[in-house]
Amino acid sequence: MHTLTLLAATSGDVTKAGKAIGLALGVGLGALGAGVGIGNIFGSMIQSVARQPELRGELQGIQWLGFALTEAVVFYGLLGSILAYVLV
């Protein structure tokens, strides 16, 4: 609450401060979730290849697909946060 009050005092508008905090939280949480997901994907890939090295070629395509889909979450969070900031 102290940060919101400080931002409101400097900008003069509580709504703008709240929207800026919402934008930062949306992008930050989207990036955090994607980081955890990508780490999980690559960690599982390393374990799988260590157990069955002959399946590396088959697993690699699935790994990159999962990486791309998980990385898209960051862009959805960014886009959603920007839309909420502009439209609300």
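Remark: the Ile38-Tyr76 segment gains 12.1 nm on full extension, using 0.36 nm per residue and subtracting the alpha carbon distance. Be a star and scan the range 66-88 for residues whose amide nitrogen sits under 17 Å from the point 7 Å along the Cα-to-Cβ vector of Val14. Backbone N within reach: none found. Filter the DSSP H helices in the chain by two things, a Kyte-Doolittle mean of at least 1.0 and an axial alpha-carbon span of 27 angstrom or more, and list the hits by number. Qualifying helices, which must be both long enough and hydrophobic enough, are 14-51, 56-87. Label-to-label distance for Ile21 and Ala84 is 1.3 nm, based on points extended 7 Å past Cα in the beta-carbon direction.
We did not get these values from a lab; they are worked out from the coordinates using the rules stated. None of the values given here were measured: they were computed from a predicted structure. Glycine gets a Cβ as well: all are built from the backbone with ideal geometry, and neighbour counts include every protein chain shown.
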